[in-house]
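Input: a single structure, listed below in structure tokens.
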Amino acid sequence: MLDDEGFLLLNQIKKEDEILDIELTVRVLHKLLNTKGIQFAMAFKILRFKSPKIYQLIDQRVYRFINGEDIPSYFSSTEKQIELYISNLQKLRQVCIEKRIDFTHSDRIIYELDKTNNKGISLKNYGASSSVKN
């Protein structure tokens with residue numbers, strides 16, 4: 001169970017917030033990830049639930065669509081995973097602006113765009129040499 005400090009940090013994130021506070025996000029993710037039973041996928045879902053105007057899920061399809069390559073399968077540390085998530089949140093926001101996609105629904109929209117644009121390209125076998133139709 002998340003400790004009191006973790007709840008206090010998490011509750012600093014408001015549903016109506018629209019600006020990513022990187023320092024707070026890093027602190028919250030560390031607290032969540034040090035909680036038994038919470039791994040990255042769950043931590044990201046918790047953040048998205050707290051404030052969808054700031055946080056979205058970055059799954060394999062969203063990552064591939066915004067980066068043109070598969071999500072790295074191995075991370076050397078929790079810090080690297082947090083860094084990757086935050087940098088991709090920022091990149092996702094830029095893609096949403098460029099493509100006129102509502103950020104609060106972007107994880108689901110881009111998931112579907114990737115399925116359509118990369119139909120027949122396996123996530124597992126997708127390589128950087130393949131082109132993503134953005």
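Only the coordinates and a few stated rules stand behind these numbers; no lab work does. What you are looking at is a predicted structure, and each value in this text was computed from that prediction instead of being measured. With ideal geometry, Cβ positions are generated from the backbone for all residues, glycine too; neighbour counts draw on all protein chains shown.
Amide H to amide H distances under 5 Å link ILE101 with no residue, where only residues 5 or more positions off or on other chains count and H is placed in the peptide plane.
Here the Debye sum runs over all C-alpha atoms of the stretch 1-55 as equal scatterers in vacuum, and log10 of I(q)/I(0) at q = 0.17, 0.21, 0.31 Å⁻¹ comes out as -0.46, -0.70, -1.42. Relative to the longest principal axis of the Cα atoms of the chain, the long axis of helix 106-117 makes an angle of roughly 20 degrees. Counting charges near LEU9 (Lys, Arg +1; Asp, Glu -1) among other residues having Cβ under 14 Å from its Cβ returns a value of -2. Springs join every pair of Cα atoms under 10 Å in this Gaussian network model of the chain, and among ASN11, ASN118, ASN67 the largest mean-square fluctuation is at ASN11. Remark on ILE71: its backbone amide H falls under 5 Å from those of ARG64, a criterion applied only to residues 5 or more positions apart or on other chains, H modelled at 1.01 Å from N.
Rounded to the nearest whole Hz, the Karplus-based 3J(HN,Hα) values (6.51 cos²θ - 1.76 cosθ + 1.60, θ = phi - 60°) of the stretch 22-34 follow the sequence 4, 4, 5, 4, 4, 4, 5, 4, 4, 5, 4, 6, 8, with x at glycine and proline. Equivalent ellipsoid of the chain: semi-axes from √(5λ) of the C-alpha gyration tensor, largest first, are 27, 17, 11 Å. With a cut-off of 12 Å between beta carbons, the residues surrounding LYS53 carry a summed charge of +1, where Lys and Arg count +1 and Asp and Glu -1.
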